[in-house]
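Before any comments, here is the structure.
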Amino acid sequence: MKHKEKIKRNIRDLSYLPREDGKRLEEGMFFRSGSLYKASPRFVSYIKDKGIKTIIDLRTPGEIAKKPDIKIDGIRYIEIPILKAETIGITHERGLKGYKAPPHMPTLYEGLVSNEESIEGIKKALKVIFDKDRQGAVLWHCTAGKDRVGILSALFLLILGYEEETVMGDYLLSNAPSEKRGRKYRRLIKYLLFKKELSEAVFQAMLAKREYLSSSFAAMERKDGSIEGYIAKTLGYSEQEIGDIRKRLLG
């Protein structure tokens with residue numbers, strides 16, 4: 001498969017990340033990604049070759065209906081939305097005119113770890129990811145693989161004991177595809193719709209910025225005193241459960 005499509009779809013195997021003590025996830029078991037809509041035959045082969053048997057789609061039912069995942073035999077698809085449809089500030093329903101002012105991104109990221117609907121979705125997704133009886137590798141995705149996937153991936157890694165800065169570094173890698181796409185739409189909105197302020201707002205919303213994910217971390221701390229407290233109280237993971245997960249998944 002061409003490297004270009006891997007970048008475009010923002011897919012990566014999280015085993016590349018080392019913990020501070022040098023421990024890593026087993027290679028080829030946990031993948032984060034952007035949309036799988038209209039994936040090329042080579043990308044489908046890549047998915048099959050990696051042994052991915054479960055795909056978690058974090059998008060809303062409306063997003064899925066408009067741009068469904070390409071279906072691959074032998075893979076279990078699970079839909080777990082972690083945002084309400086009306087919460088998503090960027091839509092693209094009828095060409096460029098479908099774009100509207102995006103939400104304030106730090107506030108959106110705070111909501112992803114504070115709103116009950118988002119929390120329930122995150123808990124369901126993590127249950128699938130950590131399921132010891134699950135067969136094969138698992139991949140979770142949204143549209144760009146940046147916001148919803150960014151939060152879920154961050155919590156996955158934090159539960160596994162990764163440092164916040166390591167988690168942040170992985171999140172910021174999403175700028176490779178997101179910035180390119182954002183620049184494209186900034187130009188189109190600015191010069192075809194003549195809406196300079198909207199074009200810049202859309203561009204900023206498409207980026208992966210440190211302040212966005214940091215706002216989620218801060219919201220967790222406000223809610224439960226610390227990120228560890230959030231994992232224990234809001235997500236419901238005991239020290240014993242966390243220890244068992246780390247022992248099972250980290251080499």
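Looking only at the range 175-214, which residues are over 19 Å from PRO103 (Cα atoms) and surrounded by 17 or more Cβ atoms within 10 Å (Cβ to Cβ)? Explain how you work it out, then say what you get.
Step one: list which residues in the range 175-214 are over 19 Å from PRO103 (Cα atoms), which gives 176-177, 180, 184, 187-188, 191-194.
Passing the criteria: only PRO177.
Quick one: which helices (runs of 4 or more DSSP H) sit completely within the range 183-237 and have at least 1 residues that are more than 28 Å from GLY161 (Cα to Cα) and either in contact with a Leu (Cβ under 7 Å, 6 or more places away or on another chain) or free of Cβ contacts under 8 Å to residues at least 60 places away in the same chain (or both)?
Numbers: elements: 196-206, 210-224, 227-233.
Per the criteria, 196-206.
Please list, ordered by first then second residue, the pairs with beta carbon atoms under 7 Å, 6 or more apart or interchain, first in the range 101-113 and surrounded by fewer than 17 Cβ atoms within 10 Å (Cβ to Cβ) and of a type in the set (Gly, Ala, Ser), second at pLDDT below 95 and in a loop (DSSP other than H, G, I, E, B).
ALA101/GLY89
Give me the pairs: first residue in the range 75-90 and under 22 Å from VAL202 (Cβ atoms), second residue at pLDDT below 60, beta-carbon distance under 7 Å, and six or more apart or on different chains, which are they?
ILE90/TYR99
In the range 158-179, how many residues are part of a helix (DSSP H, G or I) and touching a strand residue (DSSP E or B) at 6+ places or on another chain (Cβ under 9 Å)?
Within the range 158-179, the first condition is being part of a helix (DSSP H, G or I), and the residues that meet it are 158-159, 164-172, 175-179.
Next, only the ones that are touching a strand residue (DSSP E or B) at 6+ places or on another chain (Cβ under 9 Å) stay: 170.
Total meeting the criteria: 1.
How about the range 59-151: which helices (runs of 4 or more DSSP H) wholly inside it have at least 2 residues that are at pLDDT 95 or above and in contact with a helix residue (DSSP H, G or I) (Cβ under 7 Å, 6 or more places away or on another chain)? Give the derivation first.
On the way: elements: 61-66, 105-112, 116-130.
Answer list for the range 59-151: 105-112, 116-130.
Conditions first: (1) among the acidic types (Asp, Glu); (2) over 14 Å from ALA154 (Cβ atoms); (3) under 19 Å from the mean Cα position of the chain (by Cα). ASP170 passes all but one, so which condition is the exception?
Here ASP170 clears every test but (2).
Restricting the range 3-57 to residues that are small (Gly, Ala, Ser) and loosely packed, with under 15 Cβ neighbours inside 10 Å, which is nearest to LYS247 (Cα to Cα)?
Pass one, the range 3-57, residues small (Gly, Ala, Ser): 15, 22, 28, 33-35, 39-40, 45, 51.
The next check asks that each one be loosely packed, with under 15 Cβ neighbours inside 10 Å; those that pass are 22, 28, 40, 45, 51.
On the way: GLY22: 14, GLY28: 18, SER40: 37, SER45: 31, GLY51: 22 Å.
For the range 3-57, the residue satisfying everything is GLY22.
From the residues in the range 23-58 that are of a type in the set (S, T, N, Q) and in a loop (DSSP other than H, G, I, E, B), which one is farthest from THR143 (Cα to Cα)?
Step one: list which residues in the range 23-58 are of a type in the set (S, T, N, Q), which gives 33, 35, 40, 45, 54.
From the residues that got through so far, the ones that are in a loop (DSSP other than H, G, I, E, B) too are 35, 40.
On the way: SER35: 5, SER40: 16 Å.
Checked the range 23-58; the qualifying residue farthest from THR143 (Cα to Cα) is SER40.
The values are calculated or read from the model by the stated rules, or taken from the named source; none is laboratory data. Bear in mind that the values here come from a model prediction, so they are computed numbers and not experimental data. Glycine also receives a Cβ, built like all others from the backbone with ideal geometry; neighbour counts cover every protein chain displayed.
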